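Enquirer: Okay, handing you the structure first.
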Amino acid sequence: MSGETASRLAARIRAEGPMPLAAFMGEAVAAYYRRERVFGAAGDFVTAPEISQIFGELIGIWFALRWHAAGRPARFPLVECGPGRGALISDALRAARSVPGFADAIELHLVETSPTLAAAQAEALAGFPATWHADLETLPDGPLHLVANEFLDALPVTQFVFRGGAWRERRVGLFRQDFAFVDGPEAAPPAEMLSRLPPPREGEIFETAPAAESFVATVAARIAASGGAALVFDYGHAESGFGDTVQAVSRHRYVQPLADPGEVDLTAHVDFARIAETARAHGAAAFGPADQGVWLVAMGLPTRLTVLLRQATPEQTEELVAGTRRLTEPHAMGRLFKTLALLPVSAAPPEGF
């Protein structure tokens, strides 16, 4: 255990006792994204837009199609949540410029809490005007067009463990000088979430993601009331179930999740069944989840790759082919990563779904 965040959390646990995992994770993730090097080869992990420009370009085309479907409005507020270093949105905007009138209609809004990352996003945008927000609450009224890539996985989760015939909240305490999971007081997961699952076995773990559900509920309610569309990409599972999915990555390798809060990428897999259910409960239609690889191919990845390869050097060719394989092949990111679209209930299935 080392670092300012670890010391602060340890002091809190010594003073107050074991803390909820969600509180531990929330503080750790907030501290982590204040660091300078998070993404890329020199950081801890690489996201899809940094693997291949085609990822962001196809997202730009998807929203261009939504713009056409909406009647080519003069104003098209486009929001990205958790834009990282700005790779996705800059690639999406490049694609947007190929659609006459679309780029001029975009009013760009970025939801970002890290000043370090906001500065990197501004640089990546190369002068394209944008407004930054700390949360969804300050976004302008009207139709909401939103993309979130690897955003939900970083939101805090709550865990429950089935022990001695009862559910207990799983908390984070101290064992000697190290952070460790401990059983907390009796507390059951929501009954409607458990009703579809088999009876739990001793030691079974169940996760809920109240922060992710709250985010999706807000987005869905906005789309239901004012129109728009949202695309959510993340790694996760299509069906709810038992299991501990909390994980940490440092320097592109998995590490012990609780070891260095604030110094490692701490995340949990997204329960796409639950967020789709949440969206529908708040008035939106949910399409998917579709495997990321399937969606990318359906949106025209092979065609775009062919165009890029015509002008590529041998080195660029190798990089482009390797990147698209990583994004689409089932044993890489193609199956584990999924996408979900949220639209008004009257909408037909959108492109890619």
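The values are calculated or read from the model by the stated rules, or taken from the named source; none is laboratory data. Note that this is a predicted model, so its numbers are computed, not measured. Quick reminder, even Gly has a Cβ in these numbers, built from the backbone with ideal geometry, and neighbours come from all protein chains shown.
Enquirer: Do you know which residues across segment 73-105 are in a loop (DSSP other than H, G, I, E, B) and within 19 Å of the chain's Cα centre (by Cα)?
Expert: Passing the criteria: Gly82, Pro83, Gly84, Arg85, Gly86.
Enquirer: Just wondering, is there one or more residues in segment 278-289 that are more than 20 Å from the chain's Cα centre (by Cα), modelled with pLDDT of 95 or more and not aliphatic (A, V, I, L, M)?
Expert: Taking every residue of segment 278-289 in turn, at least one turns out to be more than 20 Å from the chain's Cα centre (by Cα), modelled with pLDDT of 95 or more and not aliphatic (A, V, I, L, M).
Enquirer: Please find, among Glu239, Glu202, Glu207, the residue that is over 14 Å from Thr278 (Cβ atoms) and either of a type in the set (Ser, Thr, Tyr) or modelled with pLDDT under 95 (or both).
Expert: Glu239
Enquirer: Consider segment 181-194. How many of its residues are within 27 Å of the chain's Cα centre (by Cα) and not in a helix (DSSP H, G or I)?
Expert: The number of residues fulfilling the criteria is 4.
Enquirer: It is to be established whether one or more residues within segment 161-180 are under 18 Å from Leu258 (Cα atoms), modelled with pLDDT of 95 or more, over 28 Å from the mean Cα position of the chain (by Cα) and charged (D, E, K, R).
Expert: no
Enquirer: Could we say that Pro210 is closer than 30 Å to Val249 by Cα and under 23 Å from the mean Cα position of the chain (by Cα) here?
Expert: Taking the combined requirement at face value, the residue satisfies it.
Enquirer: Can you tell me which residue within segment 2-22, out of those that are surrounded by fewer than 17 Cβ atoms within 10 Å (Cβ to Cβ) and under 21 Å from Val249 (Cβ atoms), is modelled with the highest pLDDT?
Expert: Glu4
Enquirer: Also, quick follow-up: Consider segment 218-269. How many of its residues are within 16 Å of Pro156 (Cβ to Cβ), of a type in the set (Gly, Ala, Ser) and in contact with a Lys or Arg (Cβ under 9 Å, 6 or more places away or on another chain)?
Expert: 2
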